[in-house]
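**Q** Here it is: the structure, laid out below.
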Amino acid sequence: KLLENRYLKGEIVGEGTYGIVNKAIDTKTGNIVAIKRIRIGEKKEGVNFTALREIKLLKELKDPNIIELIDCFPYKDSLHLVFEFMETDLEAVIKDKHIVLSPADTKSYAQMMLKGLAFCHKKWVLHRDMKPNNLLIGADGQLKLADFGLARMFGSPGRNFTHQVFARWYRAPELLFGSKHYGSAVDIWAAGCIFAELLTRRAFLPGSSDIDQLGKIFAALGTPKPSQWPDMAYLRDYVEYQYVAAPPLRTLLPMASDDALDLLSKMLTYDPKARITAQQALEHRYFSSLPAPTRPSQLPRPR
Ligand code: ADP
C-alpha cells in the first residue's frame, strides 16, 4: 500500500501543468509531504532518464528559500516528485482581500524571493517560471521557490519547448524578442514583476497576448532605446516599435517608497546585461533601510 515502500498517499491537493499533486505522509520521517506526478509515458525513450538525472541534481539544491525535493522515483507511467508540504502560496496572499501587507511584510517576501534566486543563480540553475503561485509559503511563513527547472526539463504542454516557458505576465523582454541565449536575468525580471504586484496587489504587466505583453511593458517603462539595450536589435523576433516615453514609475506605484521604486527600476531594466542580479538586489539599500523585513513567522497569511 505504501508508495515506494515509504509514502502513505492522501487526498489530491491540486492539479498543475505537469500533473496531479497529492498530500502524503512520509512514514520514514512522519512529515507531511506533497507528491507531484509527472506523466512521462508519451515522451520518447531516453528523455525520462535525462529528466531523472536533472532532478537528482535538484536534490542537491538545498536552501531555506527553495522547496526541498525530498525524493523522486518512477512509478507506473509517471515520475513522482516528493516535496515538503507547503500551506499556501504568494498568489493566495496577494489576492486575499482580508490580508493587509505592511511595507515590512512586502520587504520580507521580496527578500525571501531574492534569497532563493540568489542561491540558485550561484549554482547556475535558472528557475525560468517565476510567478506568484510558484512561490510557496510554509507553515513557518518561509517563502520557497517551487517548480525549479521543471519548465526546462519538461517544456510546457502545448507550448514551444524553448523560449515560451514563462507565464506571459512575468516574461522578460528578451524572451518576448525570441532570445535563445538568455540567462538568470529572466528570473530577475519576473521577480521585479512579482515585487511590483506585492506593492500594488495587482498584476503589474497583465498582457493578454505576447504582442500585448510587449505593449504593456512599453506603456509602463517606455520603449527601449538602442542606447539602453545595444543587443536588442540582434534578437530573432525584434521588430521596431513606435517610440513611447516612460511615465515616471512613481505614477504606477504611488504608495511605494523611493527605495522600493529604485530597486524595482533596476530589476525591470531592459538590457539583461545591465539588469541587477539577485545578490546585488539583496545588497540594495531597500533591504537595509527601515522598516526591517517582518520575521517570516509574523507574516500575515490566508486563513
Ligand atoms: P503549476 O504547474 O500550475 O505551477 P503545480 O503542479 O506546481 O502547479 O501544483 C499544482 C497545485 O498543487 C498547486 O496549485 C498547489 O495547490 C499544489 N501544490 C504543489 N506543490 C505543493 C506543495 N509542495 N505543497 C502543497 N501543495 C502543493
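**Q** Please tell me the relative contact order of the chain in percent, rounded to the nearest whole number, where contacts are Cα pairs under 8 Å and at least six residues apart.
**A** 17
**Q** As an exercise, use a Förster radius of 25 Å and the Cβ-Cβ distance of K23 and D96 to find the FRET efficiency, rounded to the nearest 0.05.
**A** After rounding, the FRET efficiency stands at 0.70.
**Q** Could you give the angle, 0 to 90 degrees to the nearest 10, between helix 103-122's Cα long axis and the longest principal axis of the Cα atoms of the chain?
**A** Roughly 70 degrees, rounded to the nearest 10.
**Q** Continuing with this model, one more query. Semi-axes of the stretch 227-269's equivalent ellipsoid from the Cα gyration tensor, sqrt of 5 times each eigenvalue, largest first, rounded to whole Å? Show your work: numbers first, answer last.
**A** Values: eigenvalues 146, 33, 11 Å².
Output for the stretch 227-269: semi-axes of 27, 13, 8 Å.
**Q** Grab the beta carbon distance between E4 and R303, set R0 = 30 Å, and tell me the FRET efficiency rounded to 0.05.
**A** Working: r = 34 Å, r/R0 = 1.13.
Efficiency computed from Cβ-Cβ geometry: 0.35.
**Q** Given a cut-off of under 8 Å on Cα pairs at least six residues apart, what relative contact order in percent is computed for the stretch 202-303?
**A** The normalised contact order for the stretch 202-303 reaches 19 percent.
**Q** Name the most mobile residue of P272, P224, P254, meaning the one with the largest mean-square fluctuation, in a Gaussian network model of the chain with Cα contacts below 10 Å.
**A** Result: P254 has the largest fluctuation of those listed.
**Q** I would also like to ask the following. Taking only DSSP H segments of four or more residues, each worth -39500 (n - 2.57), what value at 222 nm results for the chain once the sum is divided by all its residues, to the nearest 500 deg cm²/dmol?
**A** -9000 deg cm²/dmol
**Q** Another question about this same structure. In a Gaussian network model over the chain where Cα atoms closer than 10 Å are linked, find which of L252, L90, L205 has the largest mean-square fluctuation.
**A** Checking each option, the largest mean-square fluctuation is seen for L252.
**Q** Quick one: net charge of S108's neighbours, Cβ under 13 Å, K/R +1, D/E -1?
**A** +2
**Q** Here is a further query. Taking only the alpha carbons of the stretch 190-229, what extent do you get along each of the three principal axes, in Å, biggest first?
**A** Principal extents (largest minus smallest coordinate, Cα): 32, 21, 14 Å.
**Q** Okay, moving on. Within 10 Å of each residue's Cβ, count the other Cβ atoms and sort E91, E197, E240, E174 from fewest upward.
**A** Arranged by neighbour count, lowest to highest, E91, E197, E240, E174 become E240, E91, E197, E174.
**Q** Now a separate question. Across 10 Å bins from 0, what is the distribution of all Cα-Cα pair distances for the chain, in whole percents?
**A** With a bin width of 10 Å, the distribution comes to 6, 27, 34, 23, 9, 2, 0.
**Q** Please give the contour-minus-distance gain from Q228 to K59: 0.36 nm per residue of separation, less the Cα-Cα distance, rounded to one decimal in nm. It would help to have the intermediate numbers written out before the result.
**A** Numbers: separation 169, 0.36 × 169 = 60.84 nm, distance 3.88 nm.
Difference between extended and current length: 57.0 nm.
**Q** Based only on other Cβ atoms within 10 Å, what is the fewest-to-most ordering of V13, V100? Please report the intermediate quantities before stating the final value.
**A** On the way: V13 15, V100 9.
With the sparsest Cβ surroundings first, the list reads V100, V13.
**Q** Then there's this: In the structure displayed, which of K36/K56; K23/K123; K144/K273; K9/K144; K59/K144 lie more than 18 Å apart, Cα to Cα?
**A** Result: K23/K123; K144/K273; K9/K144 exceed 18 Å.
**Q** Would you mind telling me which residue in T277, T88, T251 has the biggest mean-square fluctuation in a Gaussian network model of the chain, where springs connect alpha carbons within a distance under 10 angstrom?
**A** Result for the chain, Cα springs under 10 Å: T251 fluctuates most.
**Q** Report the label-to-label distance for K123 and R285 in nanometres (one decimal), using points 7 Å from each Cα along the Cα→Cβ vector.
**A** The answer from the label model is 3.4 nm.
**Q** For L249, L214, L136, L175, which order do you get if you count the other beta carbons within 10 Å of each Cβ and list the fewest first?
**A** Ascending Cβ contact count within 10 Å gives the list L249, L214, L136, L175.
**Q** Under the 0.36 nm per residue contour assumption, what length would be gained going from the current alpha-carbon distance of A245 and D210 to full extension?
**A** That works out to 10.5 nm of additional length.
**Q** Give me the Kirkwood hydrodynamic radius of the stretch 159-303 in Å, from all C-alpha pairs, to one decimal place?
**A** About 16.2 Å for the stretch 159-303.
**Q** Now, a different point. Mind checking the full-extension length gain between V13 and R295? Use 0.36 nm per residue of separation minus the Cα-Cα distance, one decimal, nm.
**A** Gain on stretching V13 to R295: 98.8 nm.
Values quoted throughout were computed directly from the atomic coordinates according to the rules given, and no laboratory measurement underlies them. Keep in mind the model is a prediction, meaning the values are calculated, not measured. No Cβ is skipped: glycine too gets one built from the backbone with ideal geometry, and neighbour counts run over all protein chains shown.
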